[in-house]
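Accompanying notes for the structure given below.
Each value in this text was obtained by applying a stated rule to the coordinates, not by laboratory testing. For clarity, every value in this text was computed on a predicted model and none was experimentally measured. Don't worry about glycine lacking a Cβ; one is built from the backbone with ideal geometry, like all the others, and counts go over all protein chains shown.
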Amino acid sequence: MTIDWPLFWDSVGPLAAAAIAGTIPLALVSFALGMVLAVAAALARLSRNRLIAGVARLYISVIRGTPLLVHLFVVFYGLPSLGLTIDPWPSAIIALSLNVGGYAAEVVRAAILSVDKGQWEAAYMVGMPRRTALRRVILPQAARVATPPLSNTFISLVKDTSLTSLILVSEMFRKSQEIAAFTQEFMLLYVEAGLLYWVICLALSTGQSAMERRLDRHVAVAR
């Protein structure tokens, strides 16, 4: 097999541009919205109201028990049959956010439960109501515990954005498909796209490790 190196290097720019303009913003927006859903679902799971807790449990179960590809197809191809047509980008954000929310909710819930009960009691003793104690005392400590697994969730999300090419979202893998269809160099372009995903994930993993070391030092100082 002969590698077309000129095509390889010429394709780096368009693929990198698609990653910067498409893949990374899509992952960031979806992760941010997904975390809002995750925190809400985690708090609902911890609610003493059985109905609220049951709805949150059902949401998490459905999301974790069905493929992301199905979520994308339901939103983009399924909803139009109900009279609701959504463009590719919003469809991708909705599906990815729901997916992140379902998976991250259990991470957030476990992190909240890991906070010592004495922290709740200390907050109550200084006159904090439950909501204030949760916002100012419990969630900041839980965030420190949840950071490593949530970082892994974000890295996985960056790779999962490649599935949105199936609903016509213009991101890096979609760009590789377009170039491959024009040049007929499918193996070369798909491997190149894989290498760029790998580089992005390596950079994110390096940032994750640095963040974890910083958090560890902060915990050590606090002790």
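Some observations on this one:
- Karplus-derived 3J(HN,Hα) values for region 45-51, using 6.51 cos²θ - 1.76 cosθ + 1.60 with θ = phi - 60°, are 4, 8, 5, 7, 7, 5, 5 Hz; glycine and proline are entered as x.
- Gyration tensor (alpha-carbon) shape descriptor, region 136-220, a/c threshold 1.5: prolate
- Put in order of Cβ neighbour count within 10 Å, fewest first, the listed residues Met125, Met35 become Met125, Met35.
- Calculated [θ] (222 nm, deg cm²/dmol) that DSSP helices of n ≥ 4 give over the chain, each run adding -39,500 (n - 2.57): -25500 deg cm²/dmol
- Each residue of region 28-33 was assigned a 3J(HN,Hα) from its phi angle through the Karplus curve 6.51 cos²θ - 1.76 cosθ + 1.60 (θ = phi - 60°); the sequence is 5, 5, 5, 5, 4, 5 Hz, with glycine and proline shown as x.
- Cβ crowding within 10 Å averaged over residues, with 167-173, 205-211 ranked highest first: 167-173, 205-211
- Percentage, to the nearest whole number, of Cα pairs in region 19-131 over 24 Å apart: 39 percent
- Relative contact order of the chain, taken over Cα pairs closer than 8 Å and 6 or more residues apart, is 28 percent.
- Long-range Cα-Cα pairs in the chain (distance over 24 Å), rounded percent: 54 percent
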